[in-house]
1. Between Trp319 and Asn241, what FRET efficiency follows from the Cβ-Cβ distance if R0 is 35 Å, with the result rounded to 0.05?
2. Given N residues in the range 1-77, what is Rg(Cα) / (2.2 N^0.38 Å)?
3. For a Förster distance of 22 Å, can you work out the FRET efficiency between the beta-carbons of Arg260 and Thr288, rounded to the nearest 0.05?
4. For the pair Thr130/Glu232, report the inter-label distance in nm, with labels modelled 7 Å from Cα in the Cβ direction.
5. So, with +1 on the Cβ of K and R and -1 on the Cβ of D and E, and no other charges, what is the size of the charge dipole of the chain about its Cα centre, to the nearest 20 debye?
6. Using label points projected 7 Å from each Cα along Cα→Cβ, tell me how many nm separate Thr270 and Asp37, to one decimal.
7. Could you let me know the centre-to-centre spacing of the range 253-277 and the range 6-68, using Cα atoms, in angstrom?
8. Return the tail of the calculated pair distribution for the chain, meaning the percent of Cα-Cα pairs more than 35 Å apart.
Amino acid sequence: MVKKSKDGSLGMLVRGVCLLVLTGLVAVSARSAQFEDQQVLSLSIFVMIILATLFFWKFRLAIAFIGIAMLLGFKALTLQSFVESSELDIILFLVGMMVTVGVLKELGLFTWIIQMVLGMEHMTGQIFVTIIVFLSALMACAVDEVTSIVFVGALIFQVCDTLKLKPVPFLMIAVMATNIGSSGTMLGNPVGILIGHKAGFGFEDFVVWAFPVMLISLVICLLILLVWYKKEIALLTEKLNERRAERLGLGPLVRVPYKRGLFILVAMLTLIASHRRLENLLGVEDNTVLIVAPLLIAGILMIWRHERARHYIETEVEWWTLLFFMMLFVVAGTLEHTGVTDRVASDFTAFFGTNPVVLTPVVIFVSALGSAFVDNVVFVAAFIPVVRELNSNPLWWALLLGACFGGNITMIGSTANIVALGMLEKKYRTSIKFGEWLKLGAVIGLITCLVAWGALFILSPYMPERAAMSVQAEILEEALH
């Protein structure tokens, strides 16, 4: 135990030195590139926080706090810009969604979905995998990627335990589908709501432009997975046939009062989906109804189930993650305020040009690779100001699709991956090797990014220039002030 503790301390020391050295190299490079003092500071702290997510995952929030304190102390950040950059509207949206999902779990909605799958007749391995793929993706679209993988993972574990099968292949299938599905709507991933808010996109825009690309990518992913895990799926079919011959099901089925949960979910999705029309009808700012909808529904649910209200706020809301997002948004906003993103965008366009046809694949693959090794919210928050300067609608969708699809490449590429690995380790005391994940993840990530590139190439001539008008409006507003 003592030796293990010493090894752990030595490892932390080495990672700490690496973090300081790499941050210092970024500062020196920025200084040699003639960045101003405040720009060097904000860029160095942002890189430090990114490295902290890689080297010290457990301490990322603490390091983000220290970074914010340094920015304030050295006057690279003011309290007013802190409030403006913290994206409180997005944070509140996520709080409302988390509370609502917590209530839906208690009402048995997700258990009912699992029961429907378990109770299906004439099940085969191919049918089961197809259901897993589409269920994971559509649940990610409707609620979020973490909720999706938690409940689909529970379904997989129950089936694999019953049939005495290894759960790893089927859990990886679910994760791959979840990450792809999270790009289909604003609700699937925090990246979606962040991009939608910054680009001025509504829920309908995601349904029109992102959802079809997601579906095509999902179908291709399914075909790859059916071939990749051909032996495991054939064994699943064999085990199912044996259970069917013995007239045994996949698990005990109980009656679940799902109807109230289903009504709440449909009501919430309807309200969010029609937010653009309601905003025009009410004459309020863009995305007002989008932000208000989950808060309103969460508030009503907390009154209805008032004895559980404190539990929803304290347990169901991921405050640790939300605070990290807030600190991250502030640091990324500081990059914008100090002019770092303008400089990066200028250098980016100087190297790649300004033609969206050329920039679209660049943004897709850069965001995919970035999201594979850094939390996709971290990467997207940093890259959004660059895309805003480039001022082209296809690039927003390229950033979204690249960030979500790139999450499949490595086991640390998305929150869904990390949650799934945690579930596997907790239940079976086993893990997936980095190389094993990378083999499949790289194939799925590369092919789906190529699909996204081709789809955006076809769709881009038909895309309205809402993002461009949004940027021009902001410039005009700043000039008037």
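1. For R0 = 35 Å, the calculated efficiency reads 0.15.
2. 1.26
3. 0.20
4. The modelled label-to-label distance comes out at 2.0 nm.
5. 2060
6. About 5.9 nm separates the two model spin labels.
7. That distance is 43 Å.
8. Of all Cα-Cα pairs in the chain, 34 percent lie more than 35 Å apart.
Every read-out reported here was derived from the displayed coordinates using simple, explicitly stated rules and does not represent laboratory data. Keep in mind that this is a model prediction, so the values were computed, not measured. Please note: Cβ atoms are built from the backbone with ideal geometry, for glycine as well, and neighbour counts cover all protein chains shown.
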